[in-house]
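Trainee: Handing you a structure now.
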Amino acid sequence: RLAVGHWSDRVGDRVRPMRTLAVAIGVIVLVLAVGALSGSSAATVALLAAAVLTVTTNGLAFTAVAEYAGRSWAGRALGIQNTGQNLLAAATPPVLGALVSGTAYGTAFATAVAFPLVAALLVPGRLGTGKPAAETEPSLGRS
């Protein structure tokens, strides 16, 4: 998480690293799925990599939401973001558990590949400041 935060600070953007990491997570989960379905030991390595990689975007998401929302809306925006994230996080274990018990781990991992890839498509390429245009645009001498 620290390295990813440092990376996003260096590039001056939160969402571009999040999109890049989402694609990388999709690829590593695909390797995990293929490894689990084929019985390959690559699944173990991929699982370890996925355990590390999948949590790296968490801090970026919080920071991007707060930065985009601005000072007066950051708390509310983070509350909405946390609520949505926690609802999905709470739903994940029973849904994947049912999928695993009905099929296999590899099938569940293969299904999970879609989520980071869809996230990479849905995360905007660039976020604005979250401030109304009147606050961000320089004054042209109007009062």
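The values are calculated or read from the model by the stated rules, or taken from the named source; none is laboratory data. Note that the structure is predicted; figures quoted are calculated from it, not measured. Cβ sites come from the backbone with ideal geometry, for glycine too, and all protein chains shown count toward neighbours. Heads up: the accessible areas ignore ligands, DNA and RNA and are worked out on the full protein's heavy atoms, side chains in. Shrake-Rupley method; radii C 1.70, N 1.55, O 1.52, S 1.80 Å.
Trainee: When you go through Ala46, Ala3 one by one, which is the residue that is without any contact (Cβ under 8 Å) to a residue 60 or more places away in the chain, more than 21 Å from Asn82 (Cα to Cα) and open to solvent by less than 40 Å² (accessible area, probe 1.4 Å)?
Mentor: Ala46
Trainee: Turning to a different aspect of this structure: List pairs: first in region 7-27 and more than 17 Å from Val52 (Cα to Cα), second among the hydrophobic types (A, V, I, L, M, F, W, C) and open to solvent by less than 20 Å² (accessible area, probe 1.4 Å), Cβ under 7 Å, 6+ apart or cross-chain?
Mentor: Ser8/Leu60; Arg14/Leu60; Arg14/Ala64; Val15/Ala64
Trainee: For Arg71, are the conditions met, namely being basic (Lys, Arg), more than 22 Å from Gly5 (Cα to Cα) and free of Cβ contacts under 8 Å to residues at least 12 places away in the same chain?
Mentor: In short, no.
Trainee: Moving on to the next point. Can you name the number of the only condition in (1) closer than 17 Å to Leu121 by Cα; (2) open to solvent by 40 Å² or more (accessible area, probe 1.4 Å); (3) under 11 Å from the mean Cα position of the chain (by Cα) that Val27 fails?
Mentor: Looking at each condition in turn, Val27 falls short on (3).
Trainee: Is it the case, given these coordinates, that Gly70 is at positive phi and surrounded by 13 or more Cβ atoms within 10 Å (Cβ to Cβ)?
Mentor: Yes: the conditions hold for Gly70.
Yes or no, residue by residue, for (1) open to solvent by 40 Å² or more (accessible area, probe 1.4 Å); (2) at pLDDT 95 or above:
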site: Ala61; (1), (2): no, no
site: Leu78; (1), (2): yes, yes
site: Leu87; (1), (2): yes, yes
site: Pro94; (1), (2): yes, yes
site: Gly125; (1), (2): yes, no
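Trainee: Consider Gly106 carefully, then state whether it is open to solvent by less than 70 Å² (accessible area, probe 1.4 Å) and either outside any helix (DSSP H, G or I) or in contact (Cβ under 8 Å) with a residue 12 or more places away in the chain (or both).
Mentor: yes
Trainee: Here are some residues: Asp9, Asp13. Which one is acidic (Asp, Glu), out of contact with any Lys or Arg (no Cβ under 6 Å at 6 or more places or on another chain) and open to solvent by less than 60 Å² (accessible area, probe 1.4 Å)?
Mentor: Being acidic (Asp, Glu), out of contact with any Lys or Arg (no Cβ under 6 Å at 6 or more places or on another chain) and open to solvent by less than 60 Å² (accessible area, probe 1.4 Å) holds for just one of Asp9, Asp13, which is Asp13.
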